Amino acid sequence: MITIQGKGVSAGVGVGPLYFYHRAKTTIKRYHVEDVDAEWHRFKGAQTAAIEQLGELADKARAEAGDEAAMLFETHQMMAEDLDYEEAIEQQIKEEKNNAEAAVTDVAAQFAEMFASMEDSYMQARAADVKDVSNRILGILAGVAAGGIASEVPVILAADDLAPSETVQLDKSKILGFITAGGSGSSHTAILARTMGIPAIVGVGNALKPEYEGRPVIIDGGTGNVVIDPDDMTRDRLLKKREEELRLQRLLESLKGQPNITKDGKSIRIYCNIGSPEDVHAVQVNDGGGIGLFRSEFLYLNGEDYPTEEQQFEAYKQVLSDMEGKEVIIRTCDIGADKQIGYFNLPKEENPAMGMRALRISLTRPDFFKTQLRALYRASAYGKLGIMFPMVTSVWEVREAKKICENVKNELKAEGIPYSENVQIGIMIETPAAAIMSDRLAKEVDFFSCGTNDLTQYTLACDRQNNDLGRFYDPHHPAVLRLLKLVADNAHKNGIWVGICGELGADLTLTETFLAIGIDELSVSPRAVLPLRNAVRMTDTRESSPRILEALGSEYHHT
């Protein structure tokens with residue numbers, strides 16, 4: 001039995017085989033083959049598998065984001081079975097006697113160069129398609145699955161860490177839990193795990209060895225304990241713990257349909273954070289009151305080029321329609337910092353967390369911003385929409401963003417395209433500047449939503465992705481809580497509501513604090529809704545609020 005200690009970031013006990021995330025190799029072996037027919041059949045097998053994968057991805061994209069989103073994968077399917085492409089590879093294998101990997105690589109380069117040199121912009125875009133299709137075939141030839149998981153059974157997935165673009169593409173039906181060498185409680189892996197409701201452990205360093213792959217493992221996302229080849233006693237103890245957690249979950253099920261109201265009658269809205277349209281089902285089954293944060297960047301991370309207005313419209317429309325009139329707050333594109341995308345061509349920065357990101361990109365690329373806003377306003381006709389701008393620091397940024405919103409509405413009106421006139425505009429409070437200026441900012445918007453992950457990072461000057469900082473990254477720090485109290489006070493003085501959409505919203509040790517300082521809404525991962533509702537219903541603010549506000553240096557006035 002091997003025991004490894006990490007940091008638990010998503011509670012629960014996960015049991016299954018250990019599997020390491022496999023990234024496609026960038027280098028290939030070149031050699032000449034003797035049996036050219038066997039090598040040709042090896043290529044044809046990989047080609048067929050790639051076409052099948054692309055068909056499945058097209059079906060999934062159509063279900064999640066509409067026909068236009070599916071067209072990318074259908075185009076790639078056609079490219080994979082293009083006769084000229086196939087014949088060029090056959091010549092490389094049968095006449096030049098090159099191995100399949102070398103043949104695919106050389107033909108991909110040849111075709112990409114040919115497309116790129118054409119004058120027609122549509123044909124130029126096919127250069128990227130042929131590269132992507134060829135990389136998929138190369139991955140299959142190398143035994144590397146698209147999405148990093150080639151296992152036929154669900155697994156405990158281990159990795160150094162996962163980039164946002166990698167988490168988007170994972171086959172989530174095959175994941176029982178996560179273990180990462182690096183990362184932190186606010187890393188994208190941790191956030192994904194909490195959204196999925198599965199256990200996750202980060203910060204195990206180099207303790208996981210390649211030879212452990214395939215061996216049975218049990219992880220406890222509550223304690224951060226990883227056990228490989230557990231003995232019978234350990235296995236029985238952890239399985240018993242898992243059963244107890246499932247029993248408690250069943251008890252929480254009885255809270256479905258109940259109000260989020262304290263013992264002394266104070267109510268709070270409990271909404272959900274989601275990352276894609278397919279997460280709406282989790283919101284519904286966990287009885288979320290609405291969606292407080294829809295991270296729209298999944299649309300940008302999932303493709304090889306900017307998503308079109310139509311692709312975005314279909315995704316937003318689907319979520320709003322599926323939520324059947326419940327509020328949906330969609331954050332405009334929050335790219336940059338730790339979410340880098342090649343086709344954005346962002347300059348390399350020494351400190352990207354404080355560089356060109358989020359609303360800064362949108363305001364410096366107005367056409368890009370207008371495309372998203374047009375899709376959002378068109379979708380507003382299908383539900384109750386709120387639009388939220390991330391990474392605000394100044395009043396002028398909000399005014400400029402609102403001005404573009406007005407331009408978009410005027411365009412749609414002139415074109416006869418329906419949209420709702422009741423779209424709320426809000427901003428994320430995730431910088432100390434926004435918190436300090438919240439009295440002025442509150443006059444410009446309909447709501448605030450506090451992104452506590454970044455607010456903590458910037459307030460404490462601690463990189464939230466750096467697990468080595470340990471106790472220095474403290475979301476409970478009085479400075480963070482005082483800023484949240486300041487924001488809530490300024491929101492209410494100006495007649496707007498305030499929520500928390502950062503991971504701190506689900507921290508049950510702070511539920512009483514959030515109620516005491518006047519937070520109106522908490523937006524959390526879907527699986528956190530019922531435990532949070534239970535914590536709210538067990539609270540009496542008449543008892544807790546005076547003590548909490550005194551500790552924060554504030555006066556208490558019960559209403």
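Read-outs throughout are calculated quantities, based only on the coordinates presented, and are distinct from any laboratory measurement. Just so it is clear, the model here is predicted, and its values are computed rather than measured. Note that each Cβ is placed from the backbone with ideal geometry, even for glycine, and that neighbours are counted across all protein chains shown.
Counted residue by residue at 0.36 nm each, then reduced by the alpha carbon distance between them, the extension gain from Ala109 to Ala461 reaches 122.2 nm. You can think of it this way: the chain between Lys94 and Arg30 has 21.6 nm of extra reach, that is 0.36 nm per residue less the Cα-Cα gap. Using the Cβ-Cβ distance between Ala551 and Ile2 with R0 set to 41 Å, the FRET efficiency from 1/(1 + (r/R0)^6) comes to roughly 0.45. For Thr223, neighbours were defined as the other residues whose beta-carbon sits under 12 Å from its Cβ, and their charges (Lys and Arg +1, Asp and Glu -1) total +2. Distance between the modelled labels on Ser117 and Ser267, one decimal in nanometres: 6.9 nm (7 Å Cα→Cβ projection).
Listed cross-link partners Lys131/Lys317; Lys44/Lys209; Lys317/Lys403; Lys326/Lys409; Lys348/Lys485 are compared with a 28 Å cut-off, the Cα-Cα value being larger for Lys131/Lys317; Lys44/Lys209; Lys348/Lys485. Full extension of the segment from Ser420 to Thr308, taken as 0.36 nm per residue of separation minus the current Cα-Cα distance, would add 38.2 nm. Select from the range 251-338 those trypsin sites (Lys or Arg not before Pro) which occupy a DSSP coil region and have at most 14 other Cβ atoms within 10 Å, ordered by residue number. Filter output for the range 251-338: Lys256, Lys263. Where only DSSP H runs of four or more residues are counted, the chain gives -14500 deg cm²/dmol as its mean residue ellipticity at 222 nm, each run worth -39500 (n - 2.57). For the chain, a crude dipole built from +1 on the beta carbon of Lys and Arg and -1 on the beta carbon of Asp and Glu, taken about the Cα centre, is about 2440 debye to the nearest 20. Round to the nearest 0.05 the FRET efficiency obtained for Ala142 and Arg542 when R0 = 60 Å and r is the Cβ-Cβ distance. With R0 = 60 Å, the Cβ-Cβ based efficiency is 0.40.
Based on the Cβ-Cβ distance of Glu211 and Lys348, what FRET efficiency does E = 1/(1 + (r/R0)^6) give at R0 = 56 Å, to the nearest 0.05? Rounded to the nearest 0.05, the efficiency is 0.90.
Within straight-line reach of Lys384, meaning a Cα separation under 13 Å, sit the following aspartates and glutamates at least 8 residues removed in sequence or on another chain: Asp322, Glu324, Glu327, Glu421.
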